[in-house]
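Asks: Would you mind keeping the following structure in view while I ask a few things?
The values are calculated or read from the model by the stated rules, or taken from the named source; none is laboratory data. Only a predicted model underlies this, so the values are computations on that prediction, with no experimental measurement involved. Using ideal geometry, Cβ is built from the backbone for each residue, glycine included, and neighbour counts are taken over all protein chains shown.
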Amino acid sequence: MGQAQCPICYSPLEVRDVTPCFICGGWPEAVERFTTATEFTESRLPGGQSLVLCRGCRLEDFMVADGWGYRLVPGETLPANGLRWVRQAEEPRLGRDKFCPTCNVRLAFAEVIASAHEAAEPGAAADPARLSAPETTAVTGGPGS
């Protein structure tokens, strides 16, 4: 865990307990509500980036307008259609990861965002305003966890 800054906004990162979900996994509410019965799936974006999502984030961020999916799967009418299912997470458990309090996401997801942006626009610097969290994600308090 050598990275000290968010790859999107360059804010200092915090180390937190996290659920497997790349989007809401670092939110305290999601960690408090976590159970091993919660469903998590691993998927791949069209650019090859892997991500793990809880059911709520998959629905909210890849099927609802202005969710993360519309930034990560451009050109799809419904971004969930652009996700390639890899596998169901077996025996999910809490872990540790860095978290960006400014972007409100785990480092694991911030790296996916930065990688997807780099793949779409090679050599371009990340634009935090364009890649920032959708309002619906930051306000919900942890879907599906």
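Asks: If you check Glu32 against the conditions, is it farther than 21 Å from Glu118 by Cα, among the charged types (D, E, K, R) and either in a helix (DSSP H, G or I) or in contact (Cβ under 8 Å) with a residue 40 or more places away in the chain (or both)?
Replies: In short, yes.
Asks: I would also like to ask the following. Within the stretch 58-99, work out how many residues are within 18 Å of Glu29 (Cβ to Cβ) and in contact with a Leu (Cβ under 6 Å, 6 or more places away or on another chain).
Replies: 1
Asks: Starting from the stretch 48-60, keep only residues that are under 18 Å from Arg93 (Cα atoms), then list their pairs with residues that are small (Gly, Ala, Ser) and in a strand (DSSP E or B) whose Cβ atoms are within a distance under 7 Å, requiring at least 6 positions of separation or different chains.
Replies: Taking only residues 6 or more apart or on different chains, the pairs are Leu51/Ser43; Leu53/Ser43.
Asks: Please verify whether the stretch 67-80 includes one or more residues that are among the aromatic types (Phe, Trp, Tyr), in contact with a Pro (Cβ under 7 Å, 6 or more places away or on another chain), in a loop (DSSP other than H, G, I, E, B) and at pLDDT below 90.
Replies: Checking the stretch 67-80: at least one residue is among the aromatic types (Phe, Trp, Tyr), in contact with a Pro (Cβ under 7 Å, 6 or more places away or on another chain), in a loop (DSSP other than H, G, I, E, B) and at pLDDT below 90.
Asks: Filter the stretch 33-57 down to residues that are out of contact with any Leu (no Cβ under 7 Å at 6 or more places or on another chain) and small (Gly, Ala, Ser) and give me whichever is surrounded by the most Cβ atoms within 10 Å (Cβ to Cβ).
Replies: Gly56
Asks: Could you run through the stretch 35-47 and say how many residues are farther than 21 Å from Ile113 by Cα and either small (Gly, Ala, Ser) or touching a residue at least 12 places away in the same chain (Cβ under 8 Å) (or both)?
Replies: 4
Residue by residue, here is whether (1) aliphatic (A, V, I, L, M); (2) part of a helix (DSSP H, G or I); (3) surrounded by 12 or more Cβ atoms within 10 Å (Cβ to Cβ); (4) at pLDDT below 90 holds:
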position	(1), (2), (3), (4)
Pro92	no, no, yes, no
Phe99	no, no, yes, no
Thr102	no, no, yes, no
Glu118	no, yes, yes, yes
Thr136	no, yes, yes, yes
Val139	yes, yes, no, yes
Gly142	no, no, yes, yes
